[in-house]
Amino acid sequence: DETLHDIDPLDEDNLTPEQKLRVHLEIQKNPWYYFREIVKIPMTDSKLDFELTRATLAILWSLLNDLHSYVVIPRQCYKSYTVACFYSWLIYWGAKNFTAAFFAQNDGLVTQNLTRIKDIRESLPSYLNLKSNADTDNQHSIVYRAGDFTNTIITRAPGMNEDAANNVGRGASTMGQWYDEFAFIPYIWVQYGAAIPAYSTVAKAAERNGSHHHIIITTTAGNKKSKTGA
């Protein structure tokens, strides 16, 4: 929308209702506008602009194009926040009747990733914070109810033995799956193997319906001498 070229979408006090609506529509149609102009990374005492690097660009491009992808980069390179930013766009603007599951090496990390999405949402201007009293918003899930559709994100703690890991994986029939610190998830070879058939069925239906679907794996380098890292 070229009328937004000289508009600061974060200066909500000086935006007209029409401009705010145009911003919403642009975010919905153009996720790159959201990452470039809207989203902020909330830190303790500041809000940082989203930084586009080769790694963060690859993550976003893969997700937006419904590619099954895997990225290994060092800590403190914003790989987790990049995926959280994507999901903050997807759940509120980019999808309808979408379901996702988050996995990680422990329950603390997987719930922290869900909290990142909430922190990003709360850092938005009030007119772009779409959370309502109809939503579910707790430690282990976000459910956005927009009237004619519902988007859901849930977290799943890893199984601490092979049977438990198999059960976690078999319950992963969602359109989106995010595995964070994949190389450190206990019994990941069991969990992931069980999750793929469930995902594949849902992904085929999502592709027919033109819906987003993906598996995104983010991790720091693991120890190849360990079974999980290997």
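The values are calculated or read from the model by the stated rules, or taken from the named source; none is laboratory data. The structure displayed is predicted, hence computed values, not measured ones. Quick reminder, even Gly has a Cβ in these numbers, built from the backbone with ideal geometry, and neighbours come from all protein chains shown. The area values use the complete protein model at the heavy-atom level, side chains included, leaving out ligands, DNA and RNA. Shrake-Rupley method; radii C 1.70, N 1.55, O 1.52, S 1.80 Å.
Compared with the rule-of-thumb size 2.2 N^0.38 Å for a compact globular protein, the range 1-57 has a Cα radius of gyration ratio of 1.23. Building the convex hull from the alpha-carbon atoms of the chain and averaging its projection over directions returns 13.3 nm². Straight-line reach from Lys131: taking Cα to Cα under 16 Å and skipping same-chain neighbours fewer than 8 places apart, the aspartates and glutamates in range are Asp119, Glu122, Asp148. Bridges between two residues of the chain, per DSSP, are antiparallel at a rate of about 40%. Probing with 1.4 Å while keeping every protein chain in the model, the per residue accessible area of the range 70-123 equals 35 Å².
Counting only protein heavy atoms and a probe of 1.4 Å, the accessible surface of the chain is 49% carbon and sulfur.
When you count the other C-beta atoms within 10 angstrom of each residue and take the mean per peptide, 194-206, 124-136 line up highest first as 194-206, 124-136. Taken as Cα centroids, the range 149-183 and the range 90-143 sit 16 Å apart, rounded to the nearest whole angstrom.
What is the range 1-136 by shape, rounded, prolate or oblate, if you read a ≥ b ≥ c off the alpha carbon gyration tensor as root eigenvalues and call it rounded for a/c under 1.5, prolate for a/b larger than b/c, and oblate otherwise? The shape class here is prolate.
What length, rounded to one decimal in nm, is gained on full extension from Asp45 through to Asp8, with 0.36 nm per residue of separation minus their alpha-carbon distance?
Gain on stretching Asp45 to Asp8: 11.1 nm.
For the chain, build the charge dipole from Cβ charges (+1 Lys, Arg; -1 Asp, Glu) around the Cα centre, then report which of Asn129, Leu67, Ile27 sits farthest towards its positive end. It is Leu67, whose Cα lies furthest towards the positive end. Counting only Cβ charges, +1 for Lys and Arg and -1 for Asp and Glu, the dipole size of the chain around its Cα centre is about 1020 debye. About its Cα centre, the range 108-230 has a charge dipole of approximately 260 debye under the convention of +1 per Lys or Arg Cβ and -1 per Asp or Glu Cβ, with nothing else charged. Over the C-alpha trace of the range 115-166, radius of gyration and Dmax come out as 14.6, 46 angstrom.
About its Cα centre, the dipole of the range 15-79 is roughly 100 debye, where the only charges are +1 on Lys and Arg Cβ and -1 on Asp and Glu Cβ. If the chain linking Asp137 and Trp32 were pulled fully straight, counting 0.36 nm for each residue of separation and taking away their Cα-Cα distance, it would gain 35.2 nm.
If you wrap the range 85-157 in the convex hull of its Cα atoms and look at it from every side, the mean projected area works out to 4.5 nm².
Across the range 58-69, coupling constants 3J(HN,Hα) worked out from phi with the 6.51/-1.76/1.60 Karplus curve, θ = phi - 60°, read 4, 4, 5, 4, 5, 5, 5, 9, 6, 9, 6, 9 Hz, and Gly and Pro carry x.
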